[in-house]
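In what follows, a single structure is set out as structure tokens and then discussed.
The values are calculated or read from the model by the stated rules, or taken from the named source; none is laboratory data. If you're wondering where the values come from, they're calculated on a predicted model, not measured in any experiment. Here the Cβ positions follow ideal geometry from the backbone for every residue, glycine too, while neighbour counts run over all protein chains shown.
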Ligand code: HQG
């Protein structure tokens with residue numbers, strides 16, 4: 001079993017469906033590390049050194065251990081209602097959202113909606129946004145006028161792994177050229 005495939009499974013469990021392995025997350029999204037390992041092991045091999053390697057080497061730094069390493073959680077991307085204690089911050093003047101070309105007309109009409117997740121995900125650079133968009137077929141990049149939104153009172157959050165998160169981006173703050 002590759003680390004990547006185990007990491008994808010962990011994302012599914014820690015962000016979306018802990019019940020698949022009967023795991024409990026607390027209100028801040030934390031799972032007990034020993035319990036997680038025991039339960040994941042019923043589906044695929046996982047030990048603590050492997051989990052530590054996944055957390056340390058994940059290219060998007062998707063997971064964090066608590067300081068005492070007894071707990072683990074996903075840093076962002078949840079669809080289940082947990083409070084991962086995101087930092088509320090002033091965003092850069094411009095952020096980017098990568099999506100699929102097939103969603104562009106709906107986004108132009110409705111703005112960016114969080115869909116199944118707790119937040120709309122925004123990237124601070126075009127390369128990252130292009131990678132995010134490519135997950136949905138032909139990529140399409142929207143520029144988000146985050147500076148204007150912030151000045152207008154919208155709240156921005158940043159996860160510990162650097163993803164910008166917001167409840168909604170009204171269409172008037174979206175641009176299509178950069
Ligand atoms: C689109 C991955 C139609 C939205 C990535 C997106 C990210 C609309 C899709 C993270 C819409 C939802 C999140 C509207 C938004 N009409 N479509 N009005 N508003 N959409 O996967 O942002 O690898 O839930 O554009 O890297 O693609 O999993 O969100 O295309 O950071 O760690 O609805 O997930 O990270 O798709 O990706 P998603 P996303 P990981």
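Would you check which residues across the stretch 42-63 are under 18 Å from residue 17 (Cβ atoms) and modelled with pLDDT under 95 and list them?
42, 43, 44 - these are the residues of the stretch 42-63 that are under 18 Å from residue 17 (Cβ atoms) and modelled with pLDDT under 95.
Give the stretch 67-87 a look and list any residue that's surrounded by 18 or more Cβ atoms within 10 Å (Cβ to Cβ) and under 16 Å from residue 35 (Cα atoms), or say none. Steps first, please.
Pass one, the stretch 67-87, residues surrounded by 18 or more Cβ atoms within 10 Å (Cβ to Cβ): 71-78, 82, 84, 86.
Correct list: 71, 72, 73, 74.
Within the group 123, 146, 79, 116, which residue is touching a residue at least 12 places away in the same chain (Cβ under 8 Å) and within 30 Å of residue 48 (Cβ to Cβ)? Quick ask: steps written out before the conclusion?
Details: 123 fails: within 30 Å of residue 48 (Cβ to Cβ); 146 fails: within 30 Å of residue 48 (Cβ to Cβ); 116 fails: within 30 Å of residue 48 (Cβ to Cβ).
Every option except 79 fails the conditions.
Being buried (at least 16 other Cβ atoms within 10 Å of the Cβ) and over 26 Å from residue 150 (Cα atoms) is true for just one of 123, 64. Which residue is that? Please lay out each step first, then the result.
Values: 123 fails: over 26 Å from residue 150 (Cα atoms).
Among 123, 64, only 64 is buried (at least 16 other Cβ atoms within 10 Å of the Cβ) and over 26 Å from residue 150 (Cα atoms).
Being under 20 Å from residue 158 (Cβ atoms) and modelled with pLDDT of 95 or more is the requirement here; does residue 73 meet it?
Working: under 20 Å from residue 158 (Cβ atoms): yes; modelled with pLDDT of 95 or more: yes.
Yes; evaluated as a whole, the condition is true for this residue.
Considering only the stretch 89-160, give the strands (runs of 3 or more DSSP E) lying wholly within it that have at least 2 residues that are within 12 Å of the ligand (Cβ to nearest atom) and within 20 Å of residue 78 (Cα to Cα). Quick ask: steps written out before the conclusion?
Working: elements: 95-100, 120-122, 139-144.
Answer list for the stretch 89-160: 95-100, 120-122.
To keep it simple, each residue is scored yes or no on (1) touching a helix residue (DSSP H, G or I) at 6+ places or on another chain (Cβ under 6 Å); (2) more than 30 Å from residue 173 (Cα to Cα).
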| position | (1), (2) |
| --- | --- |
| 7 | yes, yes |
| 11 | no, yes |
| 39 | yes, yes |
| 49 | no, yes |
| 66 | no, yes |
| 71 | no, yes |
| 100 | no, no |
